[in-house]
Amino acid sequence: MPIPERLNPPFAPAGATTVDRLGEARKRLIIALDVPDAASAAALVDRLEDTCQWFKVGLELFVAAGPAVLEPLLKRGHSVFLDLKFNDIPNTVAGAVRSAAALGARMMTVHASGGPAMLAAARTALEGLADPPQLLAVTVLTSMDAAQVDAVGLKRSPAEQVELLAQMGMEAGIRGFVCSPQEVASLRKITGPAGVLVIPGIRPAGATVGDQKRVATPAQALRLGASYLVVGRPITQATDPAEAADAILREMAGALEG
Ligand code: C5P
């Protein structure tokens, strides 16, 4: 499968066939490999190999298995989203972003709440690279509802806080954001079609929500303007992960018809 990069327009071209739309959906689905070790990750990737292009390596797997966990994924031609959500002083984050790019990650995250100087440092750190990865600023975690946002002293609603952080990120030159499905439409207005919006908190109808709070179905998130969907447990904890991924891809392909 070719490595898809910077998929901005949220919809397939008019007249696309079902096969085209499934291919398009496949480029936009990112599977979160939230597992405790490299062996579990390898077992999941084996089962999802033919279904998915993108895999997300997050804190649980990276802390346990280290940078070497990216190698087999890259060797098999997969695209890796390294989701370590950096949040530190600008100099430290710039260095971390450079290190993540050197590992071959094609997407990576920093926390927007690190502020404009940190975001600008992260962006600048990637500027000299011939083929820089997509930098994403995480707005408000999809696990946070109004009560959680209030508890950390923010006197805005989650939606207002997401918008504020996105505006600030745009001013710092960031063009990629992570937000919940509930804010994707307003962020799409802020970024325009060139923005890369990566959306977790995806739950197919009837799926267990778990710790996520601001959720939507795959079709809803795409129709609202998502560029990519991040799905973890609904696929990785399914009895048949490939079948679960396939059902999500078919739902996404249906939504791409619009
Ligand atoms: O299992 P589930 O589908 O809830 O996984 C969602 C993934 O997206 C997790 O890996 C989580 O770390 C990540 N994520 C999120 N909310 C954000 C940013 C990333 O849930 N705002």
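Tabulated results
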item: Sulfur and carbon atoms: percent of accessible area, region 162-208 [1.4 Å]; result: 57 percent
item: List His78, His111, ordered by accessible area with a 1.4 Å probe, largest first; result: His111, His78
item: Share of Cα-Cα pairs in the chain lying beyond 26 Å, as whole percent; result: 36 percent
item: Straight-distance crosslink candidates among aspartates and glutamates, where the alpha carbon sits under 20 Å from Lys155 and sequence neighbours closer than 8 are dropped; result: Asp145, Glu163, Glu183
item: For region 48-97 and region 143-202, distance of Cα centres in Å; result: 22 Å
item: Per-selection Rg to Rh, region 207-246 - Cα, Kirkwood hydrodynamic radius; result: 0.97
item: Residue-normalised accessible area of region 5-253, given per residue in Å² at a 1.4 Å probe; result: 42 Å²
item: Added length on full extension, which subtracts the Cα-Cα distance from 0.36 nm per residue, Thr208 to Ile190; result: 3.4 nm
item: Net lengthening on full extension, Gln167/Ala146 (0.36 nm per residue, minus Cα-Cα); result: 5.6 nm
item: D (Stokes-Einstein, µm²/s), Kirkwood Cα radius, region 11-108, 1.567 mPa s at 4 °C; result: 89 µm²/s
item: Separation in nanometres of the label points that stand 7 Å from Cα toward Cβ, at Glu60 and Leu129; result: 2.6 nm
item: Packing rank of 40-50, 231-241, where each peptide gets the mean count of other beta carbons within 10 Å, highest leading; result: 231-241, 40-50
item: Helical contribution to [θ] at 222 nm, DSSP H n ≥ 4, -39,500 (n - 2.57), averaged over the chain, rounded to 500; result: -12500 deg cm²/dmol
item: Most mobile listed residue (Ala146, Ala185, Ala166) in the chain, GNM with C-alpha springs under 10 Å; result: Ala146
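The values are calculated or read from the model by the stated rules, or taken from the named source; none is laboratory data. Model, not experiment: these values are computed from the prediction. Glycine gets a Cβ as well: all are built from the backbone with ideal geometry, and neighbour counts include every protein chain shown. Keep in mind that these areas ignore ligands, DNA and RNA; they rest on the heavy atoms of the full protein, side chains included. Shrake-Rupley method; radii C 1.70, N 1.55, O 1.52, S 1.80 Å.
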